[in-house]
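The values are calculated or read from the model by the stated rules, or taken from the named source; none is laboratory data. Since the model is a prediction, treat every value here as computed from it, not as a measurement. Every residue, glycine as well, gets a Cβ built from its backbone with ideal geometry; the counts of neighbours run over all protein chains shown.
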Amino acid sequence: MKNHVLKRLPVPTIRRLRKHLKEITVARRDVLLGINRPYRYVYFPESALVSLSTVLKDGTETEIASIGCEGMLGLPAFLGAKKNQRRAFCQMPGTVLRLPVAVLLKETHRGGPFADALHRYALALFTQLGQLATCNRRHTIEQRCCCWLLVTHDRVAGNSFDATHEFLSQMLSARRSGVTVIAGSLQRAGLISYTRGQITILNRKGLEKAACECYGVVRREFDRLLG
């Protein structure tokens with residue numbers, strides 16, 4: 001079990017959950033949670049990376065969080081929500097563990113370590129969302145792009161992952177031409193390489209220096225609450 005929320009639970013809790021957990025393989029762009037759809041399941045990513053985004057009336061889509069093996073998709077269901085208000089789709093293919101919401105609520109109503117773990121994850125995620133709001137307003141697209149690359153690197157196996165300029169521009173809510181210029185600049189600086197839609201992190205420390213402070217703030221909070 002690779003998911004950080006689940007693997008830190010005590011054995012008795014995992015035993016109760018295991019018979020209800022189902023491993024699902026998800027492909028890129030598979031939608032796990034649709035807008036205004038009732039919560040039936042929550043998902044614990046194992047190797048997949050999921051993007052949570054807001055979609056405006058004109059179809060514009062902006063990422064507000066990415067969720068990997070550090071967390072859970074469907075946190076509002078744990079907090080009492082009946083319907084999902086954001087679009088969640090697979091950003092990087094892999095596996096997730098699916099758990100019925102009814103089982104989640106039954107187990108967490110007991111209190112104990114599972115409920116505590118999800119409360120701590122909620123605090124970390126709220127920090128991420130708050131910091132992102134500040135970041136989008138105060139920092140450059142290049143700094144934000146570096147943050148996105150670092151967060152993605154944290155949550156995938158290895159140093160390479162798929163991400164086109166078009167996808168990056170969508171996630172950053174930026175013009176594709178601007179993202180292309182930034183990617184070229186990062187390549188010339190030796191921080192990344194980019195070939196046929198695949199990004200490889202070459203110099204992580206350099207990328208951290210190029211990013212704004214927001215990456216470090218969020219990373220430290222996740223480590224403090226969930227590490």
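Some observations on this one:
- For the range 38-63, the set of residues classified as in a strand (DSSP E or B) and surrounded by fewer than 19 Cβ atoms within 10 Å (Cβ to Cβ) consists of P38, T54, V55, E61, T62, listed by residue number.
- Set L17, L52, L6, L56: member being touching a Lys or Arg at 6+ places or on another chain (Cβ under 9 Å) and of a type in the set (A, V, I, L, M): L52
- L191 more than 19 Å from E63 (Cβ to Cβ), buried (at least 19 other Cβ atoms within 10 Å of the Cβ), among the aliphatic types (A, V, I, L, M) and over 19 Å from the mean Cα position of the chain (by Cα): yes
- Flag if L168 is more than 17 Å from R220 (Cα to Cα) and surrounded by 20 or more Cβ atoms within 10 Å (Cβ to Cβ): yes
- Residue in the range 1-8 that is aliphatic (A, V, I, L, M), in contact (Cβ under 8 Å) with a residue 60 or more places away in the chain and in a strand (DSSP E or B) present: no
- Any pair with Cβ under 9 angstrom, 6 or more apart, that starts in the range 172-199 at a residue that is not assigned by TED's automatic domain parsing to the domain that holds W148 and ends at one that is assigned to a loop (DSSP other than H, G, I, E, B): none
Yes/no per residue for (1) of a type outside the set (A, V, I, L, M, F, W, C); (2) in contact with a strand residue (DSSP E or B) (Cβ under 6 Å, 6 or more places away or on another chain):
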{"residue": "A117", "(1), (2)": "no, no"}
{"residue": "L129", "(1), (2)": "no, no"}
{"residue": "A133", "(1), (2)": "no, no"}
{"residue": "N136", "(1), (2)": "yes, no"}
{"residue": "E142", "(1), (2)": "yes, no"}
{"residue": "V156", "(1), (2)": "no, yes"}
{"residue": "G178", "(1), (2)": "yes, no"}
{"residue": "Y194", "(1), (2)": "yes, no"}
{"residue": "L226", "(1), (2)": "no, no"}
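- In the set (1) more than 20 Å from T60 (Cα to Cα); (2) surrounded by 15 or more Cβ atoms within 10 Å (Cβ to Cβ); (3) in contact with a Lys or Arg (Cβ under 9 Å, 6 or more places away or on another chain), the condition left unmet by N159 is number (2).
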